[in-house]
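Right, one structure below, let's go through it.
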Amino acid sequence: MQRRRLLVLLVLLAAGLAVALPDAALAHGVVGREDLPIPKWLFGWAATAVLVASFVGLAVLWPTPRLEQPAERRLTSVPTLLDPLCGAIGVGLFVLVVYAGFAGTTAGASNLTPTFVFVIFWVGLAILCPLFGDVFAAFNPWRAIARAFAGIAALVSRQRLPAPLPYPERLGRWPAAIGILAFAWVELVYSGRGDPSNLAVLALAYAAVQFVGMSLYGIEQWNRYGDGFAVYYGLFARISPLRWERGAVYARRPLSGLTTLDPVPGTVALLCILIGTTSFDGFSNGPAWGSLSPRLTDAIAGLGVGQGTALELAFTIGLVGAVLAVASLYRLGVTGMQRESGAAMTATELARRFAHTLVPIALAYVVAHYFSLLAYEGQRIFYLASDPLGEGADIFGSADTIVDYTWISATAIWYVQVAALVLGHVAGLVLAHDRALAMFSDGRTATRSQYWMLAVMIAFTSLGLWLLSAANS
Amino acid sequence: MTLLPIAHAGHWLVDLLYVLPLVIAVGVLATQSWRDKRQEKAEGRVDKSADAPPAA
């Protein structure tokens, strides 16, 4: 009875606040672009309700692990020629992007390189992989070049190439984590990111590092752990119901591919970097960072650093701070889980065992924060395909295409963002519940161990929605 | 003394509303956890008393 009263009180409180506080930005009178029936913060409440309902539903209706031992079935055969063909396309695109960066116009919007790197490659591929499997592995230009080179070298020398060094266990996914952090720094902090030639230089430098890594530790081993982009897309591809292997496609339960993720060192760090850097992207567009950033920049400039460098340092501090905040939140949830379950393993080990639950959350953050970028700026690829250098060419007859900002409304984008966040966190809960059932002695302990993970999921959802609303206000 | 413009209170209140579900959820989960532990202790006592030999 008391609970019902509390519930009624909360509903009345929410309704009252919804009327009293129509939406954010009361001081500036900025009208939101979205036309929403309820204030944005109420979506946070609704998302929390969905997560709590999912948690209860899982506790009642999901008594045994179902994803831990994924079963696959062969769907169809794939011509073996497809692999080298996709690799050749990947190499061609890489060469084009680098060439456009050096030879094309320096105006970012008229040059293929920035749009291809930051929109099509970083966001578009990340959305394709959970749907169709590891698309990037097929088109990975560095892997394709390395494989071609290894094949030719073996043919010319007429003997097997020397075996690669064993990959150091302690290195884990740390090289990939550092690679992704470096990319995020370029995207969000580096003041020269708008210059296509800088991006071309960085793309070549990244490729050089991958070639060194592959030559030392072997092509497949390095792609599995060391190449930041291969690992990034590979993680999202584990969500997919499809798995591609040379010559065949296999079908499996969605999400089940994540349960076989080997929790090597650096995996948790990589996922926290993905969530943290995306969070910082949203946060840096909001009013809180808008008021903090100038003060931080001035303080750094006061140490004798130039204004431009001070700004980059301030943003670097913000970026690293966001990653550490996300890592701390996850660690808090894992420590709570350890206490509730009485698990014998350390919090670090437990954090690794549940690292795969962060993958759908990282994807949710990418979709929620960059969907509008893909929806609008992604259209540039149509005219850039015809005129990659921005010099007036019209190769495919689409150079006159313009960006249509009306094909999807701001309201529709908001709903996609909210849906992505909620679905991603529900998927995280499902994975965590399934892993807990497999790890802990009984269903009751498993459910109780997930109290803190539920709190972490609610925190990430609320944070995501707050960042989106702050960035749009 | 600088006064906070009253209109800015709208921002902070709205920001707080995003945190409120988390605060409520943590409170409810902490209470539930405490209840679970208490119940387990009580069940442990019942089990022990059931295992104990009958008084002579």
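Observations on the model:
- Residue ranges of helices (runs of 4 or more DSSP H) in region A:346-426 with at least 2 members among the hydroxyl-bearing types (Ser, Thr, Tyr): A:359-376, A:380-386
- Of the criteria (1) more than 11 Å from chain A (Cβ to nearest Cβ); (2) at pLDDT 50 or above, which one B:Leu3 fails: (2)
- Residues (more than 19 Å from the chain's Cα centre (by Cα), of a type in the set (Gly, Ala, Ser) and not in a strand (DSSP E or B)) located in region A:237-267: A:Gly247
- Residue among A:Ser291, A:Ser328 that is in a helix (DSSP H, G or I), open to solvent by 50 Å² or more (accessible area, probe 1.4 Å) and modelled with pLDDT of 95 or more: A:Ser328
- When each of A:Leu235, A:Leu199 is tested for being over 30 Å from A:Thr76 (Cα atoms) and not small (Gly, Ala, Ser), the lone residue that passes is A:Leu199.
- Candidates A:Ala269, A:Ala248: the one that is more than 30 Å from A:Tyr99 (Cβ to Cβ), of a type in the set (Gly, Ala, Ser) and open to solvent by 20 Å² or more (accessible area, probe 1.4 Å) is A:Ala269.
- Looking across region B:10-29 at every residue that is modelled with pLDDT under 90 and more than 8 Å from chain A (Cβ to nearest Cβ), the one that is most open to solvent (accessible area, probe 1.4 Å) is identified as B:Trp12.
- Residues in region A:215-236 that are more than 16 Å from A:Ala144 (Cβ to Cβ) and assigned to a loop (DSSP other than H, G, I, E, B): A:Gly226 alone.
- Taken together, A:Gly133, A:Gly124 contain a single residue that is under 25 Å from A:Leu384 (Cβ atoms) and open to solvent by less than 30 Å² (accessible area, probe 1.4 Å), which is A:Gly124.
- Residues in region A:47-68 that are away from chain B (no Cβ under 14 Å) and either surrounded by fewer than 14 Cβ atoms within 10 Å (Cβ to Cβ) or more than 24 Å from the chain's Cα centre (by Cα) (or both): A:Gly57, A:Leu58, A:Val60, A:Leu61, A:Trp62, A:Pro63, A:Thr64, A:Pro65, A:Arg66.
- Test for A:Leu467: is it closer than 14 Å to A:Val366 by Cα, touching an Asp or Glu at 6+ places or on another chain (Cβ under 9 Å) and within 13 Å of chain B (Cβ to nearest Cβ): yes
- Verdict on A:Arg193 being farther than 22 Å from A:Leu389 by Cα and among the basic types (Lys, Arg): no
- Taken together, the residues in region A:315-325 that are touching a Leu at 6+ places or on another chain (Cβ under 7 Å), over 8 Å from A:Gly276 (Cβ atoms) and either of a type in the set (A, V, I, L, M) or outside any helix (DSSP H, G or I) (or both) amount to 1.
- Neighbours by Cβ (under 8 Å, 6+ apart or cross-chain): first from region A:140-162, under 12 Å from A:Asn223 (Cβ atoms); second in a loop (DSSP other than H, G, I, E, B): A:Asn140/A:Asp227; A:Trp142/A:Asp227; A:Arg143/A:Asp227
- Some residue of region A:438-460 being away from chain B (no Cβ under 14 Å) and either part of a helix (DSSP H, G or I) or farther than 20 Å from A:Ala53 by Cα (or both): yes
- Within the set A:Phe315, A:Phe382, A:Phe354, the sole residue that is in contact with a Lys or Arg (Cβ under 9 Å, 6 or more places away or on another chain), surrounded by 15 or more Cβ atoms within 10 Å (Cβ to Cβ) and at negative phi turns out to be A:Phe354.
- Only one of A:Ala343, A:Ala310, A:Ala301, A:Ala314 that is under 21 Å from A:Ala455 (Cβ atoms) and not hydroxyl-bearing (Ser, Thr, Tyr): A:Ala343
- Looking across A:Glu391, A:Glu377, one residue alone is crowded, with 18+ Cβ neighbours inside 10 Å, in contact (Cβ under 8 Å) with a residue 40 or more places away in the chain and not hydrophobic (A, V, I, L, M, F, W, C). It is A:Glu377.
The values are calculated or read from the model by the stated rules, or taken from the named source; none is laboratory data. Everything numeric here is computed off the predicted structure, so don't read it as measured data. Counting neighbours? That spans all protein chains shown, and the Cβs are built from the backbone with ideal geometry, glycine included. The area values use the complete protein model at the heavy-atom level, side chains included, leaving out ligands, DNA and RNA. Shrake-Rupley method; radii C 1.70, N 1.55, O 1.52, S 1.80 Å.
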